[in-house]
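Visitor: Submitted below is the structure of interest, expressed as structure tokens.
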Amino acid sequence: MMVALKDLPKEEPYAPGHRLCAGCGPSISVRMALKASRGPTVVVNATGCVEVSTTIYPYTAWRIPWVHTLFENIGAVAGGLEYAYEALERRGQLKGKVDIIALGGDGGTFDIGIQALSGMLERGHDVVYICYDNEAYMNTGIQRSGATPRGAATTTSPAGKVIPGKRGKKKDLAGICAAHGISYVATASIGFFGDYIDKVRRAIEVDGPAVVHVLAPCPLGWRSNPSDTIKLAKMAVQTGLFPIYEIIDGKYKLSLKPGRLIPLEEYLKLQGRFSHLLKPEFKDELEAIKREVEDEYKRILSLAGEHVT
Ligand SMILES: Cc1ncc(C[n+]2csc(CCOP(=O)(O)OP(=O)(O)O)c2C)c(N)n1
């Protein structure tokens, strides 16, 4: 089941007028996620682009309660909020449920916030954690994170004679979260908005912790055209680089059935961060990346009981 554009609520809990860049994927990911909200919703937001650019005093782009928290403890703050609302309910000071959405970038989630996130999942808090993944620490100048794909040039993984861009592959956030035994984890892309909104809604409906990891291109850091954001978000999935799937009670389910994959070069050539990979001297690195993408894609497919055609 996929939400149709015409069925989306007209309300915009995330208002225009923030100062995110033109074509900002994370911003789109937030607007879409809130289209899936069902009742009173509170957002807990770690430091990052979305946070700094939506709340420039005395303005705010949030039309719902919003809490800013440190980069490193978003999981703990969101979990604490859940306990606080529970206490209010017990005392009869609050009726009905408040949905809590924790929102962090990939730096805040994959690296520095992962301990707090792990604790939140382990304790079983009824919180939806959304990681918007723009594949680097963008707010502070495009440094590599645990989510940066292999080969990407960032300010801390520059491509040159010493290294060929980021070394090592992207951390398997969905697998790590699912290993906590929680009942809902999903990967998504803003390029497939109906699928993404559905997943956020399902995550909200789960009783207990749920995680949605959404790919959200950043034109500034990816050195891509702002008008290509959605196209790139789609291509990341269609090349097999970022498979979208759900892990429901430990079972993998692919969201987009595999067809013929688009060659990875088509995706890479639209982004300055990968431009070196298309030069002859980086040929071996490109081949290694292609093999890694294929292996990882097959791994997810086999977990989902599918095979490459
Ligand atoms: C402990 C700590 N170290 C460094 C910073 C500075 N800092 C603020 S935002 C940020 C980058 C966040 O990156 P990410 O979570 O990927 O979000 P994005 O900026 O890409 O939206 C950093 C390093 C901080 N706030 N706290």
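Visitor: For the stretch 254-265, name all the residues that are closer than 22 Å to Met32 by Cα and open to solvent by 20 Å² or more (accessible area, probe 1.4 Å). First the steps, then the outcome.
Guide: Just the residues of the stretch 254-265 that are closer than 22 Å to Met32 by Cα, to begin with: 254-256.
Within the stretch 254-265, Ser255, Leu256 meet the criteria.
Visitor: Give the residue, chosen from Ala178, Ala188, that is over 21 Å from Arg31 (Cα atoms) and surrounded by 19 or more Cβ atoms within 10 Å (Cβ to Cβ). Full working, then the answer.
Guide: Working: Ala188 fails: over 21 Å from Arg31 (Cα atoms).
From the options Ala178, Ala188, the qualifying one is Ala178.
Visitor: Can you find a residue in the stretch 75-94 that is crowded, with 24+ Cβ neighbours inside 10 Å, closer than 24 Å to Ile176 by Cβ and among the β-branched types (Val, Ile, Thr)? Lay out the reasoning, then the answer.
Guide: Here is the first cut: in the stretch 75-94, the residues crowded, with 24+ Cβ neighbours inside 10 Å are 75, 78-79.
Still in the list and also closer than 24 Å to Ile176 by Cβ: 75, 78-79.
When the remaining residues are screened for being among the β-branched types (Val, Ile, Thr), the result is none.
No: zero hits.
Visitor: Here's a follow-up. Going by the structure shown, is Gly240 open to solvent by less than 10 Å² (accessible area, probe 1.4 Å) and on the phi > 0 side of the Ramachandran plot? Spell out how you get there, then give the answer.
Guide: Working: open to solvent by less than 10 Å² (accessible area, probe 1.4 Å): yes; on the phi > 0 side of the Ramachandran plot: yes.
The answer is yes for Gly240.
Yes/no per residue for (1) more than 14 Å from the ligand (Cβ to nearest atom); (2) closer than 19 Å to Leu215 by Cβ; (3) in contact (Cβ under 8 Å) with a residue 60 or more places away in the chain:
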site: Pro9; (1), (2), (3): yes, no, no
site: Ala15; (1), (2), (3): yes, no, no
site: Gly23; (1), (2), (3): yes, yes, yes
site: Val30; (1), (2), (3): no, yes, yes
site: Arg38; (1), (2), (3): yes, no, yes
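Visitor: Related question: Taking the options Val50, Val77, name whichever one is in a helix (DSSP H, G or I), more than 30 Å from Arg223 (Cα to Cα), of a type outside the set (Phe, Trp, Tyr) and within 16 Å of the ligand (Cβ to nearest atom). Spell out how you get there, then give the answer.
Guide: Values: Val50 fails: more than 30 Å from Arg223 (Cα to Cα).
Residue meeting the stated conditions: Val77.
Visitor: Across the stretch 270-298, what is the total count of residues that are surrounded by 13 or more Cβ atoms within 10 Å (Cβ to Cβ) and either of a type in the set (Lys, Arg) or at pLDDT below 95 (or both)?
Guide: Adding up the residues that qualify gives 3.
Visitor: Got a number for residues in the stretch 207-225 being open to solvent by less than 60 Å² (accessible area, probe 1.4 Å) and either within 16 Å of the ligand (Cβ to nearest atom) or free of Cβ contacts under 8 Å to residues at least 60 places away in the same chain (or both)?
Guide: The qualifying residues number 12.
Visitor: Of the numbered conditions (1) in contact with a helix residue (DSSP H, G or I) (Cβ under 7 Å, 6 or more places away or on another chain); (2) assigned to a loop (DSSP other than H, G, I, E, B); (3) farther than 24 Å from Lys231 by Cα; (4) within 16 Å of the ligand (Cβ to nearest atom), Val44 fails exactly one; give the number of that condition.
Guide: For Val44, the exception is condition (2).
Visitor: Output the residues belonging to the stretch 124-163 that are within 14 Å of the ligand (Cβ to nearest atom) and among the charged types (D, E, K, R).
Guide: The answer is Asp133, Glu135, Arg144.
Visitor: Let me ask you something else. Could you list, in sequence order, the residues of the stretch 154-169 that are open to solvent by 10 Å² or more (accessible area, probe 1.4 Å), out of contact with any Leu (no Cβ under 9 Å at 6 or more places or on another chain) and either closer than 16 Å to Trp222 by Cα or of a type in the set (Lys, Arg) (or both)?
Guide: Going residue by residue through the stretch 154-169, those that are open to solvent by 10 Å² or more (accessible area, probe 1.4 Å) are 154-156, 158-164, 167-169.
From what's left, out of contact with any Leu (no Cβ under 9 Å at 6 or more places or on another chain): 154-156, 158, 160-163, 167-169.
Thr154, Thr155, Thr156, Pro158, Lys161, Arg167, Lys169, listed by residue number.
The values are calculated or read from the model by the stated rules, or taken from the named source; none is laboratory data. Everything quoted here is computed from the prediction, not taken from an experiment. Because the Cβ atoms are built from the backbone with ideal geometry, glycine has one as well, and the counts that use them run over all protein chains shown. Side chains are part of the model used for accessible areas, which takes the heavy atoms of the whole protein and leaves out ligands, DNA and RNA. Shrake-Rupley method; radii C 1.70, N 1.55, O 1.52, S 1.80 Å.
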